[in-house]
1. Is it the case that region A:111-130 has a residue that's assigned by TED's automatic domain parsing to the domain that holds A:Ile140, free of Cβ contacts under 8 Å to residues at least 60 places away in the same chain and in contact with a Pro (Cβ under 7 Å, 6 or more places away or on another chain)?
2. So, in region B:165-198, how many residues would count as being among the hydrophobic types (A, V, I, L, M, F, W, C) and closer than 30 Å to B:Val298 by Cβ?
3. If I go through region A:184-201 residue by residue, how many of them are surrounded by fewer than 19 Cβ atoms within 10 Å (Cβ to Cβ), more than 24 Å from the chain's Cα centre (by Cα) and within 14 Å of chain B (Cβ to nearest Cβ)?
4. Filter region B:114-130 down to residues that are within 36 Å of the chain's Cα centre (by Cα) and buried (at least 20 other Cβ atoms within 10 Å of the Cβ) and give me whichever is farthest from B:Leu554 (Cα to Cα).
5. Are any of the residues in region B:215-227 in the same structural domain as B:Asn307 (by TED's automatic domain parsing), surrounded by fewer than 19 Cβ atoms within 10 Å (Cβ to Cβ) and of a type in the set (A, V, I, L, M, F, W, C)?
6. Based on what the data block shows, is A:Glu415 at pLDDT 85 or above and within 14 Å of chain B (Cβ to nearest Cβ)?
Protein chains: 2
Amino acid sequence: MATIADISVAASINILSAFAFFVAFAVLRIQPINDRVYFPKWYLKGLRSSPLQSGAFVHKFVNLDFHSYLRFLNWMPAAMRMPEPELIDHAGLDSAVYLRIYLTGLKIFVPIAVIAFTVMVPVNWTNSTLEHSNLTFSNIDKLSISNIPHGSKRFWTHIVMAYVFTFWTCYVLKREYETITSMRLQFIASEHRRPDQFTVLVRNVPPDPDESVSELVEHFFMVNHPDHYLTHQVLLQPTLIYDEVSINYGKTLVFGLSNLVNYLLKLIAAERLKIDNNAKHIMPAAFVSFKTRWGAAVCAQTQQSRNPTLWLTEWAPEPRDVYWNNLAIPYVSLTIRRLVIAVAFFFLTFCFMIPIAFVQSLANVEGIEKALPFLKPIIEKKVIKGFIQGFLPGIALKIFLIFLPSILMLMSKFEGFSSISALERRSATRYYIFQFINVFLGSIITGTAFQQLNNFIHQSPNEIPKTIGVSIPMKATFFITYIMVDGWAGVAGEILRLRPLIIYHLKNFFVVKTETDREEAMNPGSLGFNTGEPQIQLYFLLGLVYAVVSPILLPFIVIFFGLAYIVYRHQIMNVYNQEYESAAAFWPDVHGRIIIALIVSQLLLLGLLSTKDASQSTPFLITLPVLTICFDRYCKGRYEPAFVRYPLQQAMMKDILDRTREPNVNLKDYLRSAYIHPVFKAGDDYENNLVSEDEEQEPALVPTKRQSRRTTPFSSKYSGSSQSFPYEVDQNLQP
Amino acid sequence: MATIADISVAASINILSAFAFFVAFAVLRIQPINDRVYFPKWYLKGLRSSPLQSGAFVHKFVNLDFHSYLRFLNWMPAAMRMPEPELIDHAGLDSAVYLRIYLTGLKIFVPIAVIAFTVMVPVNWTNSTLEHSNLTFSNIDKLSISNIPHGSKRFWTHIVMAYVFTFWTCYVLKREYETITSMRLQFIASEHRRPDQFTVLVRNVPPDPDESVSELVEHFFMVNHPDHYLTHQVLLQPTLIYDEVSINYGKTLVFGLSNLVNYLLKLIAAERLKIDNNAKHIMPAAFVSFKTRWGAAVCAQTQQSRNPTLWLTEWAPEPRDVYWNNLAIPYVSLTIRRLVIAVAFFFLTFCFMIPIAFVQSLANVEGIEKALPFLKPIIEKKVIKGFIQGFLPGIALKIFLIFLPSILMLMSKFEGFSSISALERRSATRYYIFQFINVFLGSIITGTAFQQLNNFIHQSPNEIPKTIGVSIPMKATFFITYIMVDGWAGVAGEILRLRPLIIYHLKNFFVVKTETDREEAMNPGSLGFNTGEPQIQLYFLLGLVYAVVSPILLPFIVIFFGLAYIVYRHQIMNVYNQEYESAAAFWPDVHGRIIIALIVSQLLLLGLLSTKDASQSTPFLITLPVLTICFDRYCKGRYEPAFVRYPLQQAMMKDILDRTREPNVNLKDYLRSAYIHPVFKAGDDYENNLVSEDEEQEPALVPTKRQSRRTTPFSSKYSGSSQSFPYEVDQNLQP
């Protein structure tokens, strides 16, 4: 058991390393040569095309203004300065709401920490159970529930506190859900005309011997939505050849082999003509557009055909959010895919240790010597042997954990979701379950997930919370260390962007020829909801579980949320590229997972107290999860529809507004090319590029201000984002 | 353990008693005096106004045609003769589909019984495990899985059979679901114009300081459904006084006190005027009607307002299906009511024995003597003492079980469902859960539900199927007796209608003055989905659980399904009044419960086999429930929407058809008075009654052919039911 002194030492080390990261970041970010690594967002928005430095050649690479070094932490207040509405305008609602997850953490845990320290710490501390027992203990344990004697009346404090914390958490959750719901509705309402507001994705168009898919779609919607149907776009399946040709073409363009290019261009055109005319490439799905938002809202929310597996309609995702490969999966296939993935995920979660243990058993010194005998003399050397024995067994697990998010993403893709945001949400759910079982439970009850599962199957249901609950106070110091290493240092490492920094400079040195190349080398990354959110949820879980048991954990969690909020606000403002806009569609998931954490914490407290001869508390503690579930159901009914459906009242209001403002807009033209497979679009781009380059005859290395469309986010083309950037932090660096 | 001879004796007794019921029925039904008891359906439909006998006075009461006594079982083929489409026309889709539940039972269990007897009985019989053991056993046990030695390879037969039975059950279920889905859609499509096709129930209209509810509703739908809104009806809350006056008025009418009647009529009119003008009586809900079915379908399926708890829309139930008292419950109250009822039902299911045991402990001889000492001399008599000791303890339980369906119905009403069909469906679900826990599990593991719950909490999850599974083969004879008593004799008793028969003749003798009274005395009863369906489900459960374990049970179940099918077909044709038409909305529940029975049977087999040293079978058996759940999810996606939503394609087709057929129909007039609270309607009826009786001046006792509207089902007013009745069984009784 660690003492407070141990924890203080560990905390100091982690604070120092986090501080070192921040200092390194502060120095690196003001070097003009790193500008594209630390401020790519502004480049992508087209608001910045070169470092804001001018003057001597050296100034292009190194910042010699020593004043700026003194203000090395001023990015923190700068990150806080942009107000939320402007942040939404700048980085999208998704990012702004993502930041609110951290804020929610602060709102929940700051008051809980204050109450816990004023009420529960004295109650726990003023006992001497541990001193009279034979157990080894530290001062940290004296602060926890372990210090209360069995059957003590003081447990009522903990029960009352469990109620207080539950009500407070629910109150914060309800207010957040309310705020975010109205933010979402307002965002959707206040936005400019967007193709997805008028468009519905239709899947599972039935085959027809007499009509083509396009005709069939047109006739169906002409008949069934006569007053509202406007137009539609059939989905084309690009062939492999076409795909390859495009890619080759992209490569050759770099080297300027224009003869080959011309030849391939013709090939592409011919191939495209074939696709357009070939019924086999037409997928049984379409984007159907309506004259009004009302018509689209109606079509998306209703069932079209007698057979509910045909003519499936749903809101079209944003054009850049569409995941094209999954648009044409038949209904039966979807059911089977879900089953397969459910089974696969079960085995992944509970049995992933088996192959890794197998690899570990192979990757020892004797195993290598047997397989590759000629390596024997090298391996037998003491240093290398030590390295192999100490390092190799762990590396299989590390590699697996690094690839886990990608594996989960692949699973979601196989499952057949039609938008990138849905893919990320599903992956996040799976990642959370994996972390819950293998990190949270795995750390509390040591042993692999499969051993746990086996234990749980052979235990009675009311033994499980006891087993886990009893171990919880003992693991407080472990989780404190975990929060400092994974949370504090992890967040500080995030802002340094060491990997993108190195890769950018390498690419810049070896590959980059044109401005477009440089733009591609920039790699701003994105928010990464599928890995980021489950990690935050782990902190919610730890905070709620330990709030009553060992409140000493709470300050560490509060610091994590505060630090992460500032860092990610800075990153969202200056770095991350917005890949899509789902208008905060992920909030019901976030809310649901915090509720799960709350219920887990209540059940574990119930289990813990039932081992402490405080069984008269059981009825009070069993009421808590029932109330929490009821609260969750209320929220589901009250707020969730705003994230799934689109109220007709709002659609109608927006329609009327549009009609009075711009009565003569040609919606059909506007929607014609909104949903086109990126392959075909890319072809267009290349053609345009070629033409413009031929015309302008620019030398390849001169930087141009024209942005390649491939990396420019959609919003900069359609939404009129503000052209001034008063909150951009580097303004004050100009000489 | 009962031997085959014991079972045969019990079977003979039950067959004889069932036969006695049938003979009694055959004799009673052809007496003209009982005509209204055994053929009320035809009276209600207006196709029969007096017994089909003519001639001497005696002939009016007793059937003297002795030929008809010889053909005393010919109601059975007669019941089968009406084809299904005509049955739907005659008794509604609900009844026809209800009969299909029995047919489904036959389709599932006849082939299963055949296979089980040809394959599994020989496999079980040709062992001598039981003979070599010390256990007492009978020949029945030799037919069961108990006769297979531990660890035998013969268990593979049972595993393969479990697969075969599962696939067969799923196949039948899928085909039934498919058939019933298309029956439902066709029924809705082929029907004549009905008010509920054009009408949507709007609840939770928000309060507005400036506008009345009626104006608010009109404006809201004028704005948000401008092309489709037609009219609306605001709901009025009848006051208590008005209600009472109506009832008193109804009573006084019977005695013909016309002065009082006139006075009360004026009172009613005044009260009604008050209600119409008083905003307090207007409920925040309305029936909104649209110009087209398309418009109504759109409104019912979409969200109207930004706040998803306001302006809630759903399909209006049929006018006679509306449960008026629940139309104005606010959203938050609904959430709380559901929580309260969930908790109450939990305690009802698991703790209902506690108050009953308390009553039982009071209701013994000593208790009565203490409370009422003057009864001592009577009670001390031996006969009475024996009666009290033998009978009283059981009577508390019996009374509780008789009132259970009403208690469950009250619970559903409190929960706030807005249609009678939904109330019955929810009550059926609860009744099924109660029976599953207290009859099925309670018979297998003797002990109260609360003791079971306690056991299960303290057992590990994989012990539970073992505990139950092991006891299952031993309970086969008990359940055989149960099927014969509750199933066979119960069904035969149903057709005799002893209670309505006695009550009818008592009423006829003492109360009946007018033809209307006689009609009210008739009491045809109705199908009673809330009690009938859960009972059938118990037989599905028993059949599926015992199919692999003790196939001897199967013939008894097959006979039950066959007998019940014929009896209920007869009753539906001749007796039951159709209270509402939900177009088979209950089928998803029926399907779901058979799936549950299937999964329970698979888990119990898994538990049973794991105690038989056949653990290598576990992976094969655990796959079965996974596949079954997957099948269920497929069915949910594929068929359930037809029971929840209304496809726009179909609505549009029907609209176009209507428009071409009857272009000039005045829909507004047609819908104006479709949804009026029955209290106000009843007032109208009485007024009409009064006027017409004044005009016609008929003597009170002369039978009139005019039907009182109170008991006439809705369909006979609106749907043009066929006026010929070739399948009516009593045609051949005419001389």
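The values are calculated or read from the model by the stated rules, or taken from the named source; none is laboratory data. All values derive from a computational prediction rather than experimental measurement. FYI the Cβ positions are ideal-geometry reconstructions off the backbone, even for glycines, and counts take in every protein chain you see.
1. yes
2. 7
3. Residues in region A:184-201 being surrounded by fewer than 19 Cβ atoms within 10 Å (Cβ to Cβ), more than 24 Å from the chain's Cα centre (by Cα) and within 14 Å of chain B (Cβ to nearest Cβ): 2 in total.
4. Of everything passing the filter in region B:114-130, B:Met120 is farthest from B:Leu554 (Cα to Cα).
5. yes
6. The answer is yes for A:Glu415.
Residue by residue, here is whether (1) out of contact with any Ser or Thr (no Cβ under 9 Å at 6 or more places or on another chain); (2) under 23 Å from A:Ile676 (Cβ atoms); (3) charged (D, E, K, R); (4) modelled with pLDDT under 80 holds:
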| site | (1), (2), (3), (4) |
| --- | --- |
| A:Asn277 | yes, yes, no, yes |
| A:Ile336 | yes, no, no, no |
| A:Val340 | yes, no, no, no |
| A:Met353 | no, no, no, yes |
| A:Gln360 | yes, no, no, yes |
| A:Ala363 | yes, no, no, yes |
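Residues checked against (1) touching a helix residue (DSSP H, G or I) at 6+ places or on another chain (Cβ under 6 Å); (2) at pLDDT below 90:
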residue	(1), (2)
B:Gln571	no, yes
B:Ile594	yes, no
B:Leu598	yes, no
B:Leu608	yes, yes
B:Ser617	yes, yes
B:Glu662	no, yes
